[in-house]
Structures are given as structure tokens and as C-alpha cells.
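The values are calculated or read from the model by the stated rules, or taken from the named source; none is laboratory data. These figures come from a predicted structure and were not determined experimentally. Every residue, glycine as well, gets a Cβ built from its backbone with ideal geometry; the counts of neighbours run over all protein chains shown. Side chains included, ligands, DNA and RNA excluded: accessible areas come from the protein's heavy atoms. Shrake-Rupley method; radii C 1.70, N 1.55, O 1.52, S 1.80 Å.
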Amino acid sequence: MSSPSTQQHPQTKKRDGIPLGRIAGIPVYLAYSWFVIAAFTVFVYGPVLMDYMPYLNNWAYIVALCIALLLAISVLIHELAHALSAKAFKWPTEKIVLNLWGGHTQFENFTASPGKSVIVALAGPVSNFVVAAVMWAVMSADLLSGVSATLGDILMRANLLIGIFNILPGMPLDGGRLVESAVWKATGSQDKGTIAAGWSGRIIVVVLVIWFIGLPLISGAWPDLTFIVITVLVCGFLWMGASSSIHHAKLRSRLYLVSAAGLAEPAVGVPNSASVADVLDISPAGSPAVVICGPDGKPQGVVDFGATLAVPAAAATTTPVTAVAHALAAGAYVPEWSKGQELIQYLARLEGGEYAVVDHNGIVTGLLRQQAVVTAITGKEARKSGRA
């Protein structure tokens with residue numbers, strides 16, 4: 001599962017991949033990266049099926065493609081279980097995407113709790129266990145034969161494997177939510193729970209590498225190359241997911257520091273008809289900052305104090321303030337009560353690195369710089385200006 005997000009733009013939807021339609025009102029996409037794992041499945045299983053069932057000849061590759069499709073369906077069932085269980089808690093689902101690494105369910109903004117988070121997370125693996133149990137019953141009853149029996153057996157084993165793999169107790173796997181929720185419940189901090197689950201995920205990666213590659217090498221048995229590649233790719237994905245969870249949790253834990261009023265430097269607004277002399281009267285030493293406002297009162301630009309000092313004293317009263325200022329991006333002003341994730345998401349949609357801060361009456365009270373926001377979130381100075 002992925003974190004909450006805001007509404008998508010058309011370009012984002014296009015990047016999601018091929019739209020497959022809606023299930024229970026939830027948009028489903030097939031990412032272009034899925035075709036990589038589909039090709040890999042055909043390449044690996046095609047020759048195996050040809051040896052196992054020689055009568056298939058080249059049709060073995062079509063059967064291998066069917067295996068890739070069955071795996072995609074298994075992942076879709078897994079993700080739908082997440083989405084439908086979340087729907088029971090009125091968590092709106094934005095989309096489901098099937099991709100190279102399986103898939104993910106992306107939710108819109110919602111308020112979680114340790115218990116609800118666990119239920120939604122474990123709904124995915126449970127759905128795979130149910131599918132595996134159903135296929136086991138079908139196989140036990142000898143209802144399938146030939147190619148259909150082979151595909152049924154693979155579907156049963158695949159769902160069992162997907163279910164077991166996802167309940168491993170570490171991020172980014174669903175079982176990581178168990179660790180997260182346990183620590184969350186004990187400490188009252190979801191961020192601490194996520195960090196603990198992320199480290200648990202890293203430990204799982206180390207254990208998997210030792211178990212599947214290290215131990216065989218120690219015993220003198222060289223693992224199959226394909227198996228090594230799969231292990232490395234899967235463990236690499238898990239490590240990146242675990243590290244991403246830790247990183248984002250650390251950032252979230254600092255969100256309380258992000259406040260427009262708290263991070264802004266003092267500023268005053270002047271009409272764009274003002275002169276450089278007016279600015280020097282208001283801010284003779286460059287503080288407070290001076291923001292230019294249009295006839296409608298909306299911020300338009302920021303005065304460059306260095307440029308005002310370069311204006312000869314005799315020309316200060318006749319030089320317009322617009323001559324010593326740079327423009328703010330369109331809409332680059334925020335209410336002084338804005339804070340946390342809401343503020344960050346808003347700033348991320350704006351160009352530039354400076355934002356006027358206004359009070360309830362629309363009066364300029366401060367100037368918020370992108371560097372101050374980045375420093376508050378990361379604890380590190382921003383290297384260059386840009387998007388927040």
C-alpha cells in the first residue's frame with residue numbers, strides 16, 4: 001500500500017500506465033513496467049514448460065504468458081482486498097496500479113488508527129490465502145487436467161507464496177504494518193512505528209540474502225543464476241522500500257515544525273505604485289522584507305534590498321518599487337495559519353522559492369522562503385532554491 005495523495009493530474013494518470021477500467025468504482029491501471037516482468041516470466045517458464053510438456057511445442061510460451069496474467073490477477077485480487085477493506089472504513093481509494101514489482105493501492109487522504117491499519121494491510125494476504133485454498137480444493141477434486149491443471153497448480157502456489165511473502169514483518173510488506181501498529185500503539189507515534197517497521201524490513205532483506213545466497217555458497221552449492229537475479233532484484237526492491245519508509249517517517253515526524261507563521265520572516269506589503277523612497281522609509285536596513293501588492297491587494301513581488309541601495313538618493317522618490325523587485329510566482333501566497341502536510345502539498349504546486357504570508361484580511365505579514373521549509377523538514381540547509 002502507498003501513502004495518501006492528492007488528486008491526480010492528467011499527466012500523472014498517463015504515467016500510471018494503461019487504464020483497465022474500474023472495479024467497485026476504483027480505477028485500475030497496468031503500468032508499462034509490468035510488461036518487463038511478463039516478458040521475464042515467458043522467457044523463464046517457456047523452456048521449462050516445453051520440457052515438462054513436449055507436446056505443447058512453441059505453445060509453451062503462450063502458456064507461460066498465461067502464467068504472467070494469472071500472477072497479475074493474483075496481485076489484483078490482493079490489491080482489491082486492500083481497497084475494499086479500506087472502503088469499509090470510508091477510506092477513499094484513488095487507484096490500483098499493477099507494475100513490475102506486483103502492484104500497489106494508493107489512497108486519498110484519510111485518518112488511520114493502529115487497528116484499522118492492520119486490518120486493511122492484512123486483507124491483501126488473506127485474500128491470497130483464500131484463493132490458494134480454493135485452488136487446492138479444485139486440484140484435490142481432480143477437476144482440472146493437462147494445461148489447465150498446470151495453470152491451476154501454479155495459481156495455487158503463487159497465491160500461497162504471495163500471501164506468505166507479504167506477511168513478513170517488515171516494510172514495505174503488509175506484515176510491516178503489524179510492527180508499525182504495535183509500536184504505534186505502544187508509543188502513540190505512528191512515525192516511530194514506521195521507522196521500526198522499516199528497520200525490520202532491512203533485517204528481513206539481510207536474512208533473505210543470507211538464506212538464499214549466502215548459505216548455499218558456504219555449503220559449496222552455487223545457486224542457479226536466474227534464482228540469484230530474482231533474489232537480488234526482490235531484496236533490492238525491499239531494501240529501497242524499507243529505506244523509503246524510514247526516510248518519509250523521519251520527515252513526517254518533523255511536520256509539526258512546518259508552519260507558515262513560524263517559519264516566515266517579518267514582512268510588510270506596499271502597493272506597486274510605491275517608490276524606492278517609500279521602501280527605504282519602511283525598511284531602512286532591509287528588515288522587515290517588503291512585498292509588492294497589486295491593486296487587488298494580492299502579492300506580486302518581493303523587493304531586492306540590495307537593488308534599492310544601488311538607486312541614487314536623488315532618484316529614490318521617482319524610481320518605482322517595481323524596478324527593484326522580482327516577481328513572485330502566480331498565487332505564491334499562503335495564509336499565516338497554514339502548517340504541516342497541507343502547507344507542504346500546497347507549496348509543492350507552486351513555482352519559485354518565495355511565498356508571501358497573509359492574515360485573515362489578506363494583509364501581508366511575512367515572507368516564507370523555500371529554504372526555511374526544507375530546513376525545518378530535513379534539518380539540513382537547502383542547497384538551492386526551487387520547489388518546496
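Given the C-alpha centroids of region 21-38 and region 237-275, what is the distance between them in whole angstrom?
Cα centroid of region 21-38 versus Cα centroid of region 237-275: 33 Å apart.
Could you size up the charge dipole of the chain around its Cα centre, putting +1 on the beta carbon of Lys and Arg and -1 on that of Asp and Glu, and report it in debye to the nearest 20?
About 420 debye.
Just Asn272, Asn361, Asn57 to compare: in a GNM of the chain, with alpha carbon springs under 10 Å, which one fluctuates most?
Residue with maximal mean-square fluctuation among Asn272, Asn361, Asn57: Asn361.
Estimate the FRET efficiency between Val207 and Ala149 by the formula 1/(1 + (r/R0)^6), using the beta-carbon distance for r and 45 Å for R0, to the nearest 0.05.
With R0 = 45 Å, the Cβ-Cβ based efficiency is 0.85.
Mind listing which trypsin sites (Lys or Arg not before Pro) in region 289-376 are in a DSSP loop and have 15 or fewer other Cβ atoms within 10 Å?
Arg349
Which of rounded, prolate, oblate describes region 126-238, given a ≥ b ≥ c as roots of the alpha-carbon gyration tensor eigenvalues and a/c under 1.5 marking rounded, otherwise prolate only if a/b is larger than b/c?
It is oblate, given that a/c is not under 1.5 and a/b is not larger than b/c.
At 222 nm, what value in deg cm²/dmol follows for the chain if DSSP H runs of at least 4 each add -39500 (n - 2.57) and the sum is divided by all its residues, to the nearest 500?
Helix contribution divided over all residues of the chain: -17000 deg cm²/dmol.
Taking only protein heavy atoms and a 1.4 Å probe, what accessible area per residue, in Å², does region 292-388 have with all protein chains in place?
The answer is 55 Å² per residue.
So, in nm, how far is label Ala327 from label Glu265 when the simple model puts each one 7 Å beyond its Cα toward the Cβ?
2.3 nm
Quick check: residue separation of Ser33 and Arg254 times 0.36 nm, minus the Cα distance between them. What number comes out in nm?
76.2 nm
Taking the Cα centre of region 151-210 as origin, sum charge times position over the Cβ atoms of Lys and Arg (+1) and Asp and Glu (-1), and report the length of that vector in debye to the nearest 20.
My answer is approximately 120 debye.
Add +1 for every Lys or Arg and -1 for every Asp or Glu among the other residues with Cβ under 11 Å from the Cβ of Trp136, and state the total.
0
Need one number: convex hull volume per residue for region 86-132, Cα atoms only, in Å³.
91 Å³
Which of the trypsin sites (Lys or Arg not before Pro) found in region 36-145 are in a DSSP loop and have at most 13 neighbouring Cβ atoms, other than their own, within 10 Å?
Sites meeting the loop and neighbour criteria: Lys90.
Which value, in Å² and to the nearest 10, is the accessible area of Met240 when all protein chains are kept and the probe is 1.4 Å?
Probe radius 1.4 Å; accessible area of Met240 about 120 Å².
What residue among Gly176, Gly353, Gly297 has the largest mean-square fluctuation in a Gaussian network model of the chain, using Cα springs under 10 Å?
Between Gly176, Gly353, Gly297, it is Gly297 that shows the largest mean-square fluctuation.
How much of Tyr55 can a 1.4 Å solvent probe reach, expressed as accessible area in Å² and rounded to 10?
Near enough 140 Å² of accessible area.
So what does Glu108 come to for accessible area, using a 1.4 Å probe and Å² rounded to 10?
My reading of the accessible area for Glu108 is about 80 Å².
Once all Cα-Cα distances of the chain are split into 10 Å bins that start at 0, what whole-number percent is in each one?
Values per bin, smallest distances first: 5, 17, 23, 20, 14, 10, 7, 4, 1, 0.
If each residue of separation counts as 0.36 nm, what is the full-extension length gain between Ser189 and Trp337 once their alpha-carbon separation is subtracted?
Between Ser189 and Trp337, full extension yields an extra 50.9 nm.
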